[in-house]
Amino acid sequence: MNGLWVFVFLLMATQAFAQREVQILRFDQIEARLRDPNERRFLVVNFWATWCKPCVKELPYFEKLRAEYAPQGVDVLLLSVDFPEDFEKRVRNFVRERGLESEVICINESNANSFIDRIDPGWSGAIPATLLVAPGGRYVAFHAGEFTYESLVQFVKPHLDQK
């Protein structure tokens, strides 16, 4: 019986850990973090939304990448472009239900055009889209479109040795 209680406790602790707090920030605040000259890790930034089927399909690949490449200095940031009225319930519930462990931030901007060109001038704003930021806040690669896990690794891995 004691083993059962230990199992239940560990299960609850794991789920509590996975239930990250979802922040809601203006893009200027997010960009300040992305461009941080003191950052020492790579940051894989995925632009997604709960209503975007390709985005939702590839979220497990970002979670797997975070888990496997964290020891090599890689973090994942999931930037939700959901509608502001959906932040509180829809996005937070989605993150909790899916057990996402990567950091999730909702971009609180009424006009996406205000930040799209600041990410990549060639980006149409279509999602999913992914930005790779090197240590020191330098944008090193951008990909508009969906990934498989293998293609995501190939997007990130060549840059890891070029710190």
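Every number here is computed from the coordinates shown, using simple stated rules; none is lab data. Worth saying up front: this structure is predicted, and the values here are computed from it rather than measured. Here Cβ is always computed from backbone atoms with ideal geometry, including for glycine, and neighbour counts include all displayed protein chains.
Does Glu103 fit the bill of being in contact with a Leu (Cβ under 8 Å, 6 or more places away or on another chain) and either in contact (Cβ under 8 Å) with a residue 60 or more places away in the chain or within 14 Å of Asn46 (Cβ to Cβ) (or both)?
Yes.
Mind listing whichever residues of segment 139-163 are part of a helix (DSSP H, G or I), surrounded by fewer than 19 Cβ atoms within 10 Å (Cβ to Cβ) and touching a Ser or Thr at 6+ places or on another chain (Cβ under 9 Å)?
Phe155
Consider segment 121-138. How many of its residues are surrounded by 17 or more Cβ atoms within 10 Å (Cβ to Cβ) and farther than 24 Å from Gln162 by Cα?
So the count comes out to 3.
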